[in-house]
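The values are calculated or read from the model by the stated rules, or taken from the named source; none is laboratory data. Bear in mind the structure is a predicted one, so any value in this text is a computation, not a measurement. FYI the Cβ positions are ideal-geometry reconstructions off the backbone, even for glycines, and counts take in every protein chain you see. For accessibility, only protein heavy atoms count, side chains too; no ligands or nucleic acids. Shrake-Rupley method; radii C 1.70, N 1.55, O 1.52, S 1.80 Å.
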Amino acid sequence: MAILEVKNLTLRFGGVTAVDDLSFDVQEHSITSLIGPNGAGKTSAFNCLTGFYKATSGEILFQDKSVMRMKPHAITEMGMARTFQNLRLFKNMTVLENVMSGMHCRTTSGIGGAVVRSPHQRGEEKKIHEVAEECLDFVGILNKKDRCARNLPYGDQRRVEWARALATQPKLLLLDEPAAGLNHDEKQQLMALIRRIRDERKITIFLIEHNMELIMKISEKIVVIDYGKKIAEGTADEVKNNPRVIEAYLGKEDEEAV
Amino acid sequence: MSEVVLSLQGLQTYYGKIHALRGITISVKQGQIVTLLGSNGAGKSTTLKTISGIVHASSGKVEFMGKDITTLAPHTIVEMGVIHVPEGRHIFKDLTVKENLELGSFTLKDEKERKRRLDRAFDRFPRLRERWKQMGGTLSGGEQQMLAIGRALMTEPKVLLLDEPSMGLAPVIVQEIGRIIKQLNEEGTTILLVEQNAKMALKLAHYGYVMDTGSIVMQDDSAKLRENESIVKAYLGG
Amino acid sequence: MENKKIQYLVLGILCAAILILPQVSNNYVMEVMTNAFFYMVLCLGLNITVGYCGLLNLGNAAFFAFGAYTTGILVKMGISFWLTIPIAMVISVIVACIIGGPTLKLRSDYLAIVTLGFGEITRLIARNLSITGGASGLVGIPRPEFFGMKIYLINHFYYVFFILVVIAIIVSYRLHQSRFGRALEYIREDEDAAEAMGIDTVRYKLLAYIVGSLFAGVGGCFYAIKMSAVSPESFLFLQSANVLLAIVLGGMGKIPGALLGAFLLVLFPEVFRSIGETRMLFFGIVLVMVMIFRPQGIWPERKS
Amino acid sequence: MGLQDIILQQLVNGLILGSFYSLVALGYSMVYGIIKLLNFAHGDIYMTGAFVGFAILGVVSDAMGNGWLGILSAMVCSMILVGLLGVIIQRIAYRPLLSAPRLSILITAVGVSLILYNSVMVITGGEYKAFTTGLGYNGFDFGSVHITYTQIVLVLSTATLMSVLAWFISKTMYGKAMRAISLDQDACRLMGINVNKIIALTFFIGSALAAAAGNMAGVYYGSIHFFMGFVIGIKAFTAAVIGGIGSIPGAMAGGLILGLLEAAGTQVPFIGSEWKDVFAFGLLILLLIFKPNGILGKTEIERM
Amino acid sequence: EQPADNNTGTEEQQFDGEILVGIMVPTTGSEATYGKDMENAINIAADQINAKGGVMGKKIVTVTADDACDPQQSASAANKLISQGVVAVVGGYCSGATIPTLTLYNDAKIPFVITAANSSKIETENPGNAFETNGTAKHQVEKAIEMWTNGGVKKVAIVHQGDAYSEDLAKMADTEWKAAGNEVVAMEVMNKGEQDTSALVTRIKAKNPDLVFWTAYFADGGLLIKQLRQSGYTGKIMVGDGSCSPQLIEIGGTATEGVQVLSSPIADYLPAAKQYVEDYKAKYSMDPGPYSALAFDGLGILADAMTRANATDFDAVVKALSETKDYQGIAGTTTFAENHTLATSNFMVVEVKDGKFVLVQ
Ligand SMILES: Nc1ncnc2c1ncn2[C@@H]1O[C@H](COP(=O)(O)OP(=O)(O)OP(=O)(O)O)[C@@H](O)[C@H]1O
Ligand SMILES: Nc1ncnc2c1ncn2[C@@H]1O[C@H](COP(=O)(O)OP(=O)(O)OP(=O)(O)O)[C@@H](O)[C@H]1O
Ligand SMILES: CC(C)C[C@H](N)C(=O)O
Ligand SMILES: [Mg+2]
Ligand SMILES: [Mg+2]
């Protein structure tokens, strides 16, 4: 069953068509990837899915409901979480506080509750802490929960972002270039983590990456776009050998040896 | 043998309380490509920043062609011929491609010479010539990387410091960047290259250093590093 | 936890000192302290908007004016002072929605000018209308009674404003330590990321603005009865700027910082009044020095 | 005066007032553009410029008289001196804070403003100084609209200064470097640009323009005062925002628009001139609601 | 702050005690010049009274509090004086700052002699302890209307500055002029500190008034007059007492020729004040300002009342003050009416001639 369906999605910025009549779907519990040359419109597509950009036309169905006219926070609340291509942490707050933000959409108490410290509010606060710590534990940095996010090494900052996204308790997780800037070793850990998220938490994964090794190893389906248009779709092997993909994106393997 | 153009001796650098470089000694010889490998947060970018004067070392020394440049301001270091293409490209997104390139030759007073270098940059990167009027920010990732390198070359540097030129780029573009680096080196530019893509870096470089948490833990000819077991395991895979 | 105990001890001593101060000092000290308390309320309110949520508000005085005029007009019409407070609060909320609704989506510096403009508009309207007493403002606002006791001496106001500050501190503190307060901080740190975490940034920004305005509005109600006169001159742009200055000086986003800032703002001119003309010159120099040496404000940072 | 004459006359009034706003707004926008600082001391730079010009005119008028030649030389000298003052202020008060929170540097600017106008107040004894020049009200008439030569020279000099600046910013390497610094300071350093020097240059130009405006105001209105920078500072800030803060042509347009708006606001039928600022600020708020980045500011893409 | 000792005189005098009198004026802020002038004047008066043996054998000692012409700060200033135990207060320059202190002083049982501030709100808000020695807005308007009627003026344009004092005067003029069956063609505001009034001037000129009445202070008044003339306005111009300063002429330049100024008693034109002006110059090496004479008399009136009451307690002093009749001061004779304002107007009119004020009436 498709958890996400994109139909004829188009996004224009003035003259530029960043996403052009793009259609694809993401199956529940799958790991699906979106690849394509720089400027192909991958991040833009993500931004449409998560409500950050208002698509020019088309349709996006998440769990069979349209999210086209929804604001980002409402989409997150429905169960679609994302990370950013460039880290977007709350830099001056602690790691724990960062992850607690994820629970915002799963709780309800407001100003009144806060001022009178109602039992409901206190219960929620407790739960927020618990879930946040659990998510930090899951990505393996619980011991750094009281550190200021800004002072963490880059790799750990990435983990904070994942934990934060997990704390929103999503059904679908969108990752924008999660492996950028990671070395080989860290990439291996990332792959393991992505699989665990899918298997242990039953969360569907949809990711953008330029790292072919990672993509080819973990994706069950790959969507390739160029100039905003889909140019190929299929399993790693199918895509790898597609001449259009080679020409536009992969390049000739032997040339890498330069 | 060829002379050492850039030498770092026992560099220590702090960000506030964070001790990022704990005594780095590196030397780069004329005409070489030297690569700097290391895991995240090892201090590779910091090393380059310390050379170019964006951050200052608390102790140790940076020498360029025998001159101590440790405490000089970035713009002076650029004028001397060391130029740094930073991580993340740092294109001026609201300036046109042409203006971006021109700013690369800011230190130049001679307008004719500026024009000549502009032409050379366009010859080297025909894609940029096509887009000379476009705003830097609207270029694709690969084009931005070309622009960043092209801009740096406008000073006709003696030493080029490249920080992760392949980051976030599609495989085709990575290959293209590799070709450009090689070509530049063949034209005589000395290059200090920082890369996560160790495979590519070791292929391009003559010599390599491996860093971990602020120190150099290994150094050798790149051919030898390529065969080193721990390197293979941590950086090359397989 | 030793630390906590010391904190409570210090707080206790401070409270005791404040409570017995009227017994051991004179009207002038009371007046200055009452003034400081009053600014503390305004600062705590603006601290929510600017400090927690990062919305640059240069028109805080407008809400202070709404509170003061509402009370002034209604009390003069014979309505009980205590009843005017909720009315002023409702008005503050409505106005905050009207002005904040369409403008809070603006980037910070544009927001700054809109709020500044709004502050000026409010003052000019107050100056031009007759119901607000025009340029002379409202005078002779009767003092209220509290369980049969007339509040009119400076000592009375001292206690009244102190209670107000205590309430404001508790509310600020509890908001800060809650889902609501954190949401504001997320927005301040990175609006897009906050939105991606499921926070309705538009709504929370508006709420932050409303809460900040409520503090100013209520402060204004009490200001009106304390001064027994309200005039447009009290709501100049400088008033808004001063409150902002106080919280930045004290340390933005920090409750003790806001309190300290307010205290210094009131104390400084009084202490240095005798040096006359050069007083504000001196203040400017001190201000610049403090900012250069403690750009995060005087109150120390919490986090490592 | 017929209706046509009134409209024409108000156009002239608005244009002249707008020229002043534009010149001051330019400095605001330049500084904002490069280091994102709302330089609240800019109005006081304008004021200081007027006083420096006044002092110089007092000296040179013996040699050159107080006609155009004397005025011009006083103006040029004061532009240079005040430009340097701007550089010094930048060096001492702003540079150490470039990486501090934005509000801290804003408050520092408030401190600098206090220092400037209080110094001038102490030095001049707080009195109004009459800027006596030998210029008369000569000019020519269109119907009952009288335009003096002074007014024409004023508008022409403003236009000249602005065009030179526009050329400088868009065509020279220094101008390009200024724009580049506003986008990415570190990258500029790596291009061999001496960022501090360019920032200093920006302050020099901005302050010199403000000084020019201050001198023109002194000549045109005939009197100067230590507080004269306050109102125009706020108005110029408004003008810069109307135009799209950070945009040079925006500041020029914003100044003229605000000047015309105020002239129009004075003449709105059925309501009195006391509403003119309500009118101007009200339109400003409306404008920003519909054009959130000002008239010529960069528009960002549509977000949900 | 310690009460200042003002007995600078050389002769040794024996007093049996002190009477502490507060001076509340702005000594900082934009009106500081006037505040300080008033403070000086009151201190000279104290010296002279002490030189003559003080009041009831007691020495008058003054203490100054700065209200900065700001309502909030004036409350502090008043409480400061109250704390210091003053038995009476003299001063009050800005109406806006003076009004909120009336009840503060009344609650503390302190009589208040107001020597400059004269908004009509002071009359209505006076709880009974305050006395105004400056002519009221009403007096001023009466004088103005008398001048206008005699000068054949019909259409008047009134401009104020949007502050308590000038708006009050403007409204009063508006009401009275209309009540007298004449026309007010414009009632405008010029914002404080705005240099450019050309738009306003155009608006006024288009209404063709016979006379423009400026009710606020000299600084902006000078600019307004200048720009009115520059625009070709040729009608009459009259300004209120807030503009009564030589600086009006300096700022307005030749444009002020012929402008009529309503003025409270200025030392320069008062025969009785000759000695005072000399004393002032000798002590402070500058000229006394426009409210100097009134401030000087303010303390005199207070001392006179205390002497008559032979007491310094509140009720007695207030009673004696309200019975003040034909007190001869340097600014003229003072008699208080029922409402504690001057029984007769003390306004004069001066006119600018050849760059100088000359007495018209
Ligand atoms: N806010 C924007 N305004 C104008 N053009 C934009 C904007 N965002 C993206 N674009 C343009 O849309 C196109 C697609 O950009 P996008 O960021 O989606 O690419 P991408 O596939 O994520 O590339 P990369 O792999 O380099 O991250 C590019 O040409 C880009 O310049
Ligand atoms: N601006 C900064 N402020 C504080 N700490 C910093 C800053 N920049 C880097 N660091 C810290 O210094 C150390 C070295 O960082 P550096 O950026 O040099 O690493 P790197 O080897 O380039 O890593 P990467 O592969 O992630 O680019 C890290 O621990 C990092 O957290
Ligand atoms: C002219 C002055 C006597 C008026 C005084 N400033 C007031 O506010 O009443
Ligand atoms: Mg992308
Ligand atoms: Mg790096």
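Specify the longest stretch of chain E that does not include any exposed loop site, a site being one of the GluC sites (Glu not before Pro) with a non-H, G, I, E, B DSSP assignment and at most 16 other Cβ atoms within 10 Å.
With a cap of 16 other Cβ atoms within 10 Å, the longest stretch comes to E:13-256.
Please tell me the relative contact order of segment C:27-293 in percent, rounded to the nearest whole number, where contacts are Cα pairs under 8 Å and at least six residues apart.
Relative contact order for segment C:27-293 comes out at 38 percent.
From the phi of every residue in segment C:16-31, what ³J(HN,Hα) in whole Hz does the Karplus formula 6.51 cos²θ - 1.76 cosθ + 1.60 yield, where θ is phi - 60° and glycine or proline is x?
4, 4, 5, 5, 8, 3, x, 6, 10, 10, 10, 3, 5, 4, 4, 4
Could you check the spin-label model distance between A:Ala2 and C:Ser80? Points 7 Å from the Cα along Cα→Cβ, value in nm.
Those two pseudo-labels are separated by 6.5 nm.
Given the DSSP H assignment, sum -39500 (n - 2.57) over each helix run of at least 4 residues in chain B and divide by its residue total; what's the result at 222 nm in deg cm²/dmol, nearest 500?
-10500 deg cm²/dmol
Hey, what number do you get for chain E at 222 nm if only DSSP H runs of n ≥ 4 count, each worth -39500 (n - 2.57), divided across all residues, to the nearest 500?
Dividing the helical sum by the residues of chain E leaves -13000 deg cm²/dmol.
Quick one: check the C-alpha center-to-center distance for segment E:210-256 versus segment D:224-294, whole angstrom.
27 Å
Residues in segment C:130-159 near a label at C:Ile98, defined as backbone nitrogen under 11 Å from the 7 Å Cα→Cβ point?
none
For chain A, take every pair of Cα atoms, bin their distances at 5 Å starting from 0, and report each bin as a whole percent.
Computed distribution, short to long bins: 1, 6, 13, 16, 18, 16, 13, 9, 5, 2, 1, 0, 0, 0.
Could you name every residue in segment A:74-91 that has 20 Å² or more less accessible surface in the full protein assembly than in its own chain alone (probe 1.4 Å, ligands and nucleic acids excluded)?
Those residues are A:Thr76, A:Arg82, A:Phe84, A:Arg88, A:Phe90.
With a 1.4 Å probe on protein heavy atoms only, tell me which residues of segment B:218-238 lose at least 20 Å² of accessible surface in the complex relative to the chain by itself.
B:Ala234, B:Tyr235, B:Gly237
Grab the alpha carbons of chain E, take their convex hull, and tell me the volume per residue in Å³.
123 Å³
Which percent of Cα pairs goes in each bin when the distances of chain D are cut into 10 angstrom slices starting at zero?
It works out to 6, 26, 34, 23, 8, 1, 0, in whole percents.
Just the Cα atoms of segment E:247-347: what Rg and Dmax do they give in Å?
16.5, 53
Based on the Cβ-Cβ distance of A:Asp199 and B:Lys199, what FRET efficiency does E = 1/(1 + (r/R0)^6) give at R0 = 35 Å, to the nearest 0.05?
0.70
What percentage of the solvent-accessible surface of chain A, computed with a 1.4 Å probe over protein heavy atoms, is contributed by carbon and sulfur atoms?
That share works out to 48 percent.
How large is the accessible surface per residue of chain B, computed with a 1.4 Å probe and reported in Å² as a whole number?
Accessible area per residue, chain B: 40 Å².
Give me the accessible area per residue for segment A:120-227, probe 1.4 Å, as a whole number in Å².
37 Å²
Is the C-alpha gyration tensor of segment C:94-234 telling us rounded, prolate or oblate? Criteria: a/c under 1.5 is rounded; beyond that, a/b larger than b/c is prolate, otherwise oblate.
oblate
From other protein chains only, count the Cβ atoms within 10 Å of every residue's Cβ in C:177-187, then give the mean.
6
For A:Lys65 and A:Glu220, FRET efficiency with R0 = 35 Å and r from the beta-carbon atoms, rounded to 0.05?
Step by step, r from the Cβ atoms, then E = 0.90.
Please compute the length gained on full extension between D:Lys197 and D:Arg91, using 0.36 nm multiplied by the number of residues separating them and subtracting their Cα-Cα distance.
37.2 nm
Probe radius 1.4 Å, ligands and nucleic acids ignored: give me the carbon and sulfur share of the accessible area of segment E:126-197 as a rounded percent.
Carbon and sulfur atoms account for 49 percent of the accessible area of segment E:126-197.
Would you kindly find the accessible area of C:Glu301, with a 1.4 Å probe and non-protein molecules such as ligands, DNA and RNA excluded, rounding to the nearest 10 Å²?
Surface accessible to solvent at C:Glu301 totals approximately 100 Å².
Please compute how much accessible surface disappears when D pairs with E, both sides summed, using a 1.4 Å probe, and round it to the nearest 100 Å².
2600 Å²
In degrees between 0 and 90, to the nearest 10, how far off the longest principal axis of chain E does helix E:71-83 point, with axes built from Cα atoms?
Relative to chain E, helix E:71-83 is tipped by roughly 10 degrees.
Given a Förster radius of 22 Å and the C-beta distance between C:Val90 and C:Leu129 as r, what FRET efficiency does 1/(1 + (r/R0)^6) yield to the nearest 0.05?
According to the calculation, E is roughly 0.65.
How many nm separate the modelled label positions at A:Gln189 and A:Tyr227, each set 7 Å beyond the Cα in the direction of the Cβ?
Using points 7 Å along Cα→Cβ, the separation is 4.2 nm.
With a probe of 1.4 Å, find how much accessible area segment E:225-361 has per residue, and write the answer as a whole number in Å².
Accessible area per residue, segment E:225-361: 41 Å².
Taking the Cα centroid of segment B:170-238 and of segment B:1-64, what is the distance between the two, rounded to the nearest whole Å?
Going from one Cα centre to the other spans 16 Å.
One-quarter of the Cα convex hull surface for chain B, in nm²?
That works out to 12.9 nm², a quarter of the Cα hull's surface.
With the contact rule set at Cα under 8 Å and sequence spacing of 6 or more, what percent relative contact order holds for segment B:86-238?
20 percent
Using alpha-carbon positions, what is the distance between the centroids of segment E:276-328 and segment E:156-207, in Å?
34 Å
Across peptide D:284-290, what mean number of C-beta atoms from other chains lies inside 10 Å of a residue's C-beta?
5
On average, how many beta carbons from a partner chain sit within 10 Å of the beta carbon of a residue in C:270-280?
5
Enumerate the whole-percent occupancy of each 5 Å bin, from 0 to the last occupied one, for all C-alpha pair distances of segment C:27-293.
P(r) over segment C:27-293, rounded to whole percents: 1, 6, 13, 17, 19, 17, 13, 8, 4, 1, 0, 0.
Taking every eigenvalue of the Cα gyration tensor of segment D:128-277, multiplying by 5 and rooting it, what semi-axes result, largest first, whole Å?
Working through the eigenvalues yields semi-axes of 34, 19, 16 Å.
Mind checking the dipole of segment B:129-179: about its Cα centre, +1 per Lys or Arg Cβ, -1 per Asp or Glu Cβ, Debye to the nearest 20?
Roughly 200 debye for segment B:129-179.
For the C and A pair, go ahead and give the buried accessible area with a 1.4 Å probe, both sides summed, in Å² to 100.
3000 Å²
Summarise the long-distance tail of P(r) for the protein assembly as shown by giving the % of C-alpha pairs beyond 62 Å.
Everything past 62 Å amounts to 24 percent.
Using every Cα-Cα pair within segment D:115-165, state what percent have a distance larger than 15 Å.
68 percent
Mind listing the long-range amide H neighbours of E:Gly329? Cut-off is under 5 Å, sequence gap 5 or more, other chains count too, H placed in the peptide plane at 1.01 Å from N.
Placed amide hydrogens put E:Thr334 under 5 Å from E:Gly329.
Using a basic spin-label model with each label point 7 Å from the Cα along Cα→Cβ, how many nm lie between D:Val59 and A:Ser57?
My value for the distance between the label points is 7.2 nm.
With each run of n ≥ 4 DSSP H residues scored as -39500 (n - 2.57), what mean residue ellipticity at 222 nm is computed for chain A after dividing by its residue count and rounding to the nearest 500 deg cm²/dmol?
My calculation for chain A gives -10500 deg cm²/dmol from helical runs alone.
Determine the total buried accessible area between chain B and chain A, counting protein heavy atoms only with a 1.4 Å probe; round to the nearest 100 Å².
Summing both chains' loss of accessible area gives about 2000 Å².
Expressed as an acute angle from 0 to 90° and rounded to the nearest 10, what is the orientation of the C-alpha long axis of helix A:154-167 relative to the principal long axis of chain A?
70 degrees
Looking at chain E, which Cys residues are left with no other cysteine's beta carbon under 4.7 Å from theirs?
Flagged as lacking a Cys partner: E:Cys244.
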